[in-house]
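The structure appears below as structure tokens.
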């Protein structure tokens, strides 16, 4: 017997989560099914709307001003400026640990590689690090945490022409962590503020870290650490360090695994739980059944085929990187519903000759109508009760544009609202 809901969302990333949340808030009985809970642990925790226009122009100052000039097949063209604003408003409701909602303009944030990245929303823990702030900064790295070379990042920021002096130093993190300790070990040690050995005595972890950094301040007016300053209560960790050092403290966004991404995941899934969304994670959707419209999707649960029935469905499984779009020598396809993905027959046309050129494959995805229903090769709706959201959509180079989070949030919300309305 099939497990029934009014709306089933396939995919547990930002697009799937915001689809499910929006549909539930519209009063629908919603179930989210996903092989993995989300990919947020692989993300920096920064939430972009549009950092660069297609063609590399930018950085974009105001994403909302630039959206009307995007190509007609861009996902933002489907939901419009109002749809993007509505998506970001929903994000602001559930992500209380984020800043940036006070303005339409992008903020510029330093990254662990020493670049400056335009972004629409950023964790409150990164707020004191914005590149428009002219206070001199000290970046602190940990010897064993090789993903953040603070002196190297500081050099790059100076070369980028930031309006402040920045220095970098690498220190030994106090305590007896293994050389290959995971970022969560640093965070948990600081959360607990446990005693750590220092010389022949012990000190609490936060006090010991501040004491190690203090001799390197040399007039710095703010201090940036890799984004490992706590998991359960990062605000308390930062407050302790600020009190001891006498200057503001900020986190520098890191690569995977990302604690800011995991914190956002916690907040988002708490919102889904509060909204009454049922969640089935850990098992892949492998098939669907239809009778002119989708009637159910099939989940492979340890070899058992479990059907999930609904009136409306949302496809939010990701793009090429997330395996929501698949390709081989025969072509490009969407693997669950076999939705049409436009692409050249000649595989050599998928790529540009330059490594950082305009690659067609970066924009592969499902085309949709104005309500985000996938279209077939003839331009007709494939299934009247299926919508698509997030990076499974075609028409945008999310990595180059720095638009992936915003597209996922905006189209996810729009697809969820549309599905809920159709299910009534």
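The values are calculated or read from the model by the stated rules, or taken from the named source; none is laboratory data. The structure presented is a predicted model; accordingly, all values stated were derived computationally and were not measured. Ideal geometry is used to build each Cβ from the backbone, glycine not excepted, and the neighbour counts take in all protein chains shown.
Here's the yes/no breakdown for (1) free of Cβ contacts under 8 Å to residues at least 24 places away in the same chain; (2) crowded, with 20+ Cβ neighbours inside 10 Å; (3) touching a strand residue (DSSP E or B) at 6+ places or on another chain (Cβ under 9 Å); (4) over 17 Å from residue 251 (Cα atoms):
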position: 91; (1), (2), (3), (4): no, yes, yes, yes
position: 119; (1), (2), (3), (4): no, yes, yes, no
position: 140; (1), (2), (3), (4): no, yes, yes, no
position: 146; (1), (2), (3), (4): yes, no, no, no
position: 158; (1), (2), (3), (4): yes, no, yes, yes
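Find the strands (runs of 3 or more DSSP E) located wholly in region 11-120 whose residues include 1 or more that are within 18 Å of residue 409 (Cα to Cα), and list them.
Where strands (runs of 3 or more DSSP E) fall fully within region 11-120 and carry at least 1 residues being within 18 Å of residue 409 (Cα to Cα), they are 30-34, 116-119.
I need the full set of residues from region 4-30 which are under 11 Å from residue 313 (Cβ atoms) and either surrounded by fewer than 24 Cβ atoms within 10 Å (Cβ to Cβ) or modelled with pLDDT under 90 (or both), in order please.
Answer for region 4-30, where residues must be under 11 Å from residue 313 (Cβ atoms) and either surrounded by fewer than 24 Cβ atoms within 10 Å (Cβ to Cβ) or modelled with pLDDT under 90 (or both): 5, 6.
Does residue 337 qualify as being part of a strand (DSSP E or B), crowded, with 18+ Cβ neighbours inside 10 Å and touching a residue at least 24 places away in the same chain (Cβ under 8 Å)?
Criteria not met by residue 337.
Results for (1) closer than 19 Å to residue 78 by Cα; (2) in contact with a helix residue (DSSP H, G or I) (Cβ under 6 Å, 6 or more places away or on another chain); (3) at pLDDT 80 or above, shown as yes or no for each residue.
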| residue | (1), (2), (3) |
| --- | --- |
| 305 | no, no, yes |
| 319 | yes, yes, yes |
| 330 | no, no, no |
| 340 | yes, no, yes |
| 343 | no, no, no |
| 350 | no, yes, no |
| 361 | no, yes, no |
| 372 | yes, yes, yes |
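Return the total of residues in region 173-228 being in a helix (DSSP H, G or I), free of Cβ contacts under 8 Å to residues at least 60 places away in the same chain and either out of contact with any helix residue (DSSP H, G or I) (no Cβ under 8 Å at 6 or more places or on another chain) or surrounded by fewer than 15 Cβ atoms within 10 Å (Cβ to Cβ) (or both).
9
Would you check if residue 66 is over 30 Å from residue 297 (Cβ atoms), crowded, with 18+ Cβ neighbours inside 10 Å, modelled with pLDDT of 95 or more and over 19 Å from the mean Cα position of the chain (by Cα)?
Yes: the conditions hold for residue 66.
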